[in-house]
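First the structure, in the form of structure tokens, and then the observations on it.
The values are calculated or read from the model by the stated rules, or taken from the named source; none is laboratory data. Only a predicted model underlies this, so the values are computations on that prediction, with no experimental measurement involved. Heads up, the Cβs are rebuilt from the backbone with ideal geometry, glycines too, and the neighbour counts pull from every protein chain shown. Note: areas computed on protein heavy atoms with side chains; ligands, DNA, RNA excluded. Shrake-Rupley method; radii C 1.70, N 1.55, O 1.52, S 1.80 Å.
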Amino acid sequence: MKIKYNKSQHTDVLSRRQFIKTAGIGTLTLMAGGFDSFLTRSAAAFNQNNHTKPGFVPDLDIALTATPGEVSIFPGNATQTWQFKAKLLKGDSNRLIQLERSYLGPIIRASKGEKVRIRFKNQIPEETIVHWHGLHVPAIMDGHPRYVIPMGQSYLYEFEVKNRAGTYWYHPHPHGRTGPQVYSGLAGLFLVSDEEEKAAGLPTGEYDIPLVIQDRSFDTDNQFVYTSGSRMELMNGFLGKLILVNGMPDFTLPVSTCAYRLRLLNGSNSRIYKLAWQDNRPLAIIGTDGGLLENPVYRRYVFLSPGERIELWADFSGNPIGFETALVSLPFDAGMMNRGRMGRGMMMSGRTAYNQPLPNGAGFSVFKIKVNKSVKKNQTLPQKLSEFTTFKKSNAVNYYRPRQFYLTMRHMQWTINGRTFQMEDVADDEIVRLRTHEIWEINNAGGGMGMMNMMNMPHPIHLHGKQFQVLERSGVTHGGYVDEGWKDTVLLMPGERIRILVGFEDYPGLFLYHCHNLEHEDMGMMRNYFVKI
Ligand SMILES: [Cu+2]
């Protein structure tokens with residue numbers, strides 16, 4: 001059963017009153033128009049007029065614009081893009097770093113505890129809004145699609161950075177258009193640092209390298225080619241023919257004979273990478289979505305699904321100048337749909353799935369490493385990276401009855417518990433209590449809701465506004481997960497089930513949870529959850 005949530009239950013009125021007061025709008029608005037019109041009007045007034053909240057003194061003030069642009073990726077014609085461009089209004093110049101020759105937005109660097117103001121302006125010819133992926137911010141700052149703004153308008157973000165040091169990112173989040181907008185170039189990193197990270201003794205500066213992995217297809221004119229829009233292609237998710245790193249094809253990272261911190265983001269629409277070193281050295285993992293692990297962990301390979309981040313310690317001090325290796329994606333089985341085994345007759349009409357030169361699960365090189373400089377640094381991988389207090393499973397209010405989520409297909413449509421996204425809808429079983437902890441069980445085993453088992457696919461599931469803990473997984477037949485730290489996006493391969501522990505400790509309101517395969521998300525494999533006071 002699906003219900004619309006009762007507006008009177010929206011009990012974060014206190015904080016909102018505070019908000020309207022400071023935004024210069026009388027509380028009468030709330031009384032007269034009710035919650036919805038209050039939100040719409042106050043948000044609109046707040047944003048279009050670029051009202052700032054008195055008392056909010058930003059440490060970092062940035063004007064960020066989504067705008068059409070172009071970048072030279074190949075010889076010949078420049079590639080037309082949509083890009084984030086930014087101007088620093090307040091803060092050190094090293095807080096905003098533009099990657100060279102890249103369509104990616106500038107890297108924003110902030111410290112934990114800092115207050116950040118971002119004056120976002122939409123200059124692309126359709127509605128958009130920005131989501132701060134992984135950051136713990138209030139609902140109105142989180143970039144929910146209900147806050148989209150048309151071309152020419154602005155949205156003002158003001159929030160305190162509460163996250164641990166780590167690799168976060170930002171991208172558009174309008175409903176139904178996230179895939180094409182990210183694909184067109186709208187994405188950027190948001191790096192957070194803190195004192196603990198500084199004390200950890202990790203490589204910094206030129207030895208701290210962000211690597212955003214994406215796949216793209218181009219026409220003969222060097223322009224991006226997105227999906228044909230066929231149902232089958234959307235159900236699979238878009239897969240490009242070329243792998244780009246930081247917006248560049250055939251990427252080679254020149255390195256010195258020393259240790260590096262490599263921050264990897266899978267910024268692809270739907271491609272999953274099974275990352276490993278070509279020379280068979282183990283991956284030394286120091287961080288995941290929510291920042292540094294307590295201690296490094298080692299894996300032969302790691303799955304990185306869309307939205308996820310992983311940080312590696314990569315030490316080339318034992319390698320001679322001229323040494324070459326690569327970070328590769330190993331072949332893997334991405335499930336029935338990707339194998340194209342499911343009803344070839346069905347596939348024939350679209351001619352998409354097995355026309356892909358690079359299917360999900362194909363093996364390829366992601367980027368090359370070339371040692372070209374000798375330095376003596378003698379850094380060793382710290383065995384203690386950070387310290388954090390984990391949530392207690394026994395504190396979960398639903399310890400004996402975890403909340404259940406089934407990832408299933410219904411009528412050629414990916415769903416969560418058989419439902420698709422409706423802008424304002426929250427079902428009974430999607431309402432949680434503020435200041436509680438819960439266990440959420442997400443099930444990608446097929447069946448469950450009486451669905452067809454054979455239609456299983458991998459789904460990376462992302463919760464907005466939260467970093468959570470992975471308690472356990474079942475049905476896993478590989479060793480490619482790193483669940484030791486904090487996560488905001490978790491991959492579920494077909495047949496897998498996961499239990500996560502989530503805390504709803506401070507911010508009330510409406511947040512999203514969804515599949516981060518952007519085509520799945522745009523099709524509606526996304527729902528609201530409501531944190532009720
Ligand atoms: Cu999905």
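The listed residues Glu206, Glu484, Glu114 rank as Glu206, Glu484, Glu114 when sorted by accessible area, largest first, using a 1.4 Å probe.
Considering only protein heavy atoms, with the full assembly of protein chains and a 1.4 angstrom probe, order Asp483, Asp279, Asp425 by accessible area, largest first.
Values: Asp483 40, Asp279 60, Asp425 15 Å².
Largest accessible area first, the residues go Asp279, Asp483, Asp425.
When the pairs Lys112/Lys384; Lys274/Lys370; Lys115/Lys241; Lys392/Lys532; Lys90/Lys392 are compared against a 29 Å limit on Cα-Cα distance, Lys115/Lys241; Lys90/Lys392 fall above it.
The residue among Ile286, Asn319, Ile272 whose Cα reaches farthest toward the positive pole of the charge dipole of region 253-328, with charges on the beta-carbon of Lys, Arg, Asp and Glu, is Ile272. Under 5 Å between amide hydrogens, built in the peptide plane, is the criterion, and for Val366 it picks out Leu327, Val328, Ser329 among residues at least 5 positions away or on other chains. With a Förster radius of 45 Å, plug the Cβ-Cβ distance of Glu206 and His411 into 1/(1 + (r/R0)^6) and report the FRET value to the nearest 0.05. Step by step, r from the Cβ atoms, then E = 0.30.
Tell me, in nm to one decimal, what length is gained between Glu324 and Asn398 on full extension, where the rule is 0.36 nm per residue of separation less the Cα-Cα distance? Walk me through the numbers on the way to the answer.
Numbers: separation 74, 0.36 × 74 = 26.64 nm, distance 5.12 nm.
The Glu324-Asn398 span can extend by a further 21.5 nm.
For the pair Lys162 and Phe56, label points projected 7 Å from Cα toward Cβ lie 1.5 nm apart. Only protein heavy atoms count here; on that basis, with a 1.4 Å probe, Met412 has an accessible area of about 60 Å².
Which aspartates and glutamates have a Cα lying under 15 Å from the Cα of Lys373, excluding residues fewer than 8 positions away in the same chain? Partners within reach: Glu206, Asp315, Glu324. Measuring only protein heavy atoms, the 1.4 Å probe finds Arg300 accessible over about 150 Å².
Compared with the alpha-carbon gap, the fully stretched path from Arg281 to Asn77 is longer by 69.5 nm at 0.36 nm per residue. These residues, Lys87, Lys532, go from largest to smallest accessible area, 1.4 Å probe, as Lys87, Lys532. Using the Karplus relation 6.51 cos²θ - 1.76 cosθ + 1.60 with θ = phi - 60°, the per-residue 3J(HN,Hα) values for region 295-303 come to 9, x, 10, 10, 9, 6, 8, 9, 7 Hz, with x marking Gly and Pro.
Among the trypsin sites (Lys or Arg not before Pro) in region 150-229, those located in a DSSP loop and surrounded by at most 16 other Cβ atoms within 10 Å of their own Cβ are Lys162. Residues whose amide H comes within less than 5 Å of that of Phe316, counting only those at least five positions distant or on another chain, are Cys258, Ala259, Tyr260 (H built at 1.01 Å from N in the peptide plane).
Under a 5 Å amide H cut-off, with hydrogens placed 1.01 Å from N, Glu114 pairs with Val161 among residues at least 5 apart or on other chains.
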